[in-house]
């Protein structure tokens with residue numbers, strides 16, 4: 001179906017979803033499973049156009065497309081992980097705007113599952129069915145997952161779509177009640193097509209970013225954005241240290257210049273850079289240890305000093 005034209009490199013997912021519409025056999029629940037940045041969210045948006053359309057076999061009205069993109073359709077509930085701050089739930093975007101220092105990752109909370117139940121407790125207002133999209137479903141704690149399980153057993157006139165990185169990321173009882181739609185990392189041809197389509201062709205000339213992305217256009221864009229936040233003078237210094245002075249200077253510059261999120265990203269980037277420079281498995285392990293210490297809130301400059309000096313000794 002042309003509605004799935006924007007979704008590149010996922011022919012199996014397109015076929016399964018298109019056939020569900022063509023045969024009028026839409027499941028009450030779906031699990032879109034696959035790595036981040038490879039099209040799960042885009043597939044959900046495409047599928048929504050058909051699920052919420054009064055006549056899915058006809059052309060989709062532009063007004064419906066706009067409402068789906070804006071997520072303001074009365075029969076659509078889009079749920080995403082939230083932070084809890086001063087008794088209020090904040091989305092990641094709202095948390096950034098509020099300057100919230102995030103010590104724990106966001107999650108889909110029990111209160112949000114209750115809101116899903118309330119949403120599905122009324123009949124659809126305009127569309128043939130109500131639709132719930134749950135982004136990052138793997139972030140649900142067990143209490144929320146068990147509450148959602150009851151809703152999945154009797155969803156009513158509705159379709160629930162869970163987006164998760166893998167089948168294993170969710171409780172088996174949840175997975176058993178969903179039709180699974182697999183998503184796969186893109187091959188180089190599809191990666192090139194997507195990056196050109198979204199105006200990110202420059203990434204194609206950055207092999208280290210492509211290697212980090214591992215077939216995920218979304219990850220490639222994220223990595224490029226992160227790389228652009230690194231000051232040019234620091235970026236030029238990010239080579240394997242050769243002397244103690246270089247190691248200490250680089251550690252001090254990283255800790256002074258970058259915030260905690262950027263330092264964690266830098267671990268991934270340096271693993272790729274140092275592997276391409278030396279092929280040293282020991283350097284990769286030292287950086288992995290650095291990640292653990294940074295996540296444990298050990299003093300960052302100390303973490304980087306120990307890590308980079310250890311590379312000299314290795």
Orientation-averaged projected area, Cα convex hull of the chain (nm²): 17.9 nm²
Cα-projected label distance for residue 244 with residue 281, points at 7 Å along beta-carbon direction, nm: 3.0 nm
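How much space per residue, in cubic angstrom, does the convex hull of the C-alpha atoms of the range 181-294 take up? Before the final figure, lay out the partial values.
Details: hull volume 15.3 nm³, N = 114.
So the per-residue Cα hull volume is 134 Å³.
Given 25 °C and 0.890 mPa s, how large is the Stokes-Einstein diffusion coefficient of the range 232-313 in µm²/s, with Rh as the Kirkwood radius over Cα pairs?
Numbers: Rh = 12.4 Å.
Answer, rounded: 198 µm²/s.
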Degrees separating the helix 142-153 axis from the principal Cα axis of the chain, which is the longest one: 30 degrees
The chain: most fluctuating residue of 118, 200, 272 per GNM, C-alpha cutoff 10 Å: 118
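Remind me, relative contact order of the range 2-182 in percent, using alpha carbon pairs under 8 angstrom and six or more residues apart?
Working: 269 pairs, mean separation 58.9, N = 181.
Averaging sequence separation for qualifying contacts and normalising by length gives 33 percent for the range 2-182.
Rank-order 2-9, 204-211 by packing density, defined as the average count of other C-beta atoms within 10 Å over each peptide's residues, highest first. Could you put the intermediate results ahead of the total?
Details: 2-9: 16.8, 204-211: 15.1.
Final packing ranking: 2-9, 204-211.
Once R0 is set to 51 Å, what does the formula 1/(1 + (r/R0)^6) return for the Cβ-Cβ distance between residue 18 and residue 298, expressed as a FRET efficiency to the nearest 0.05?
Given R0 = 51 Å and the Cβ-Cβ separation, E is 0.50.
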Length-normalised contact order for the chain - Cα pairs under 8 Å, 6+ apart - percent: 19 percent
In degrees, nearest ten, helix 300-313 long axis to first principal axis of the chain (Cα): 60 degrees
q = 0.13, 0.14, 0.15 Å⁻¹: log10 I(q)/I(0) that the Debye formula gives for the range 2-182, counting C-alpha atoms only: -0.66, -0.77, -0.89
Highest-fluctuation residue, 15, 202, 138 considered, GNM on the chain with Cα pairs under 10 Å: 202
Between helix 217-228 and the chain: long-axis angle, C-alpha atoms, 0 to 90°, nearest 10: 40 degrees
Cβ-based exposure ranking for 49, 292, in which fewest neighbours within 10 Å come first: 292, 49
Ranked list, fewest to most other Cβ atoms within 10 Å of each Cβ, for 183, 47, 119, 32: 119, 183, 32, 47
Euclidean distance of C-alpha centroids, the range 184-202 and the range 248-294, integer Å: 27 Å
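With 10 angstrom as the radius, rank 311, 222, 140 by how many other C-beta atoms surround their C-beta, starting from the fewest. List each step's numbers first, then the result.
Working: 311 20, 222 17, 140 27.
Lowest to highest Cβ neighbour count: 222, 311, 140.
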Inter-probe distance in nm under a simple model that places probes 7 Å from Cα toward Cβ, at residue 288 and residue 149: 3.3 nm
Rough spin-label spacing in nm, given labels placed 7 Å along Cα→Cβ, for residue 197 and residue 118: 3.8 nm
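Values quoted throughout were computed directly from the atomic coordinates according to the rules given, and no laboratory measurement underlies them. Because the structure is a prediction, the values reported are computed rather than measured. Heads up, the Cβs are rebuilt from the backbone with ideal geometry, glycines too, and the neighbour counts pull from every protein chain shown.
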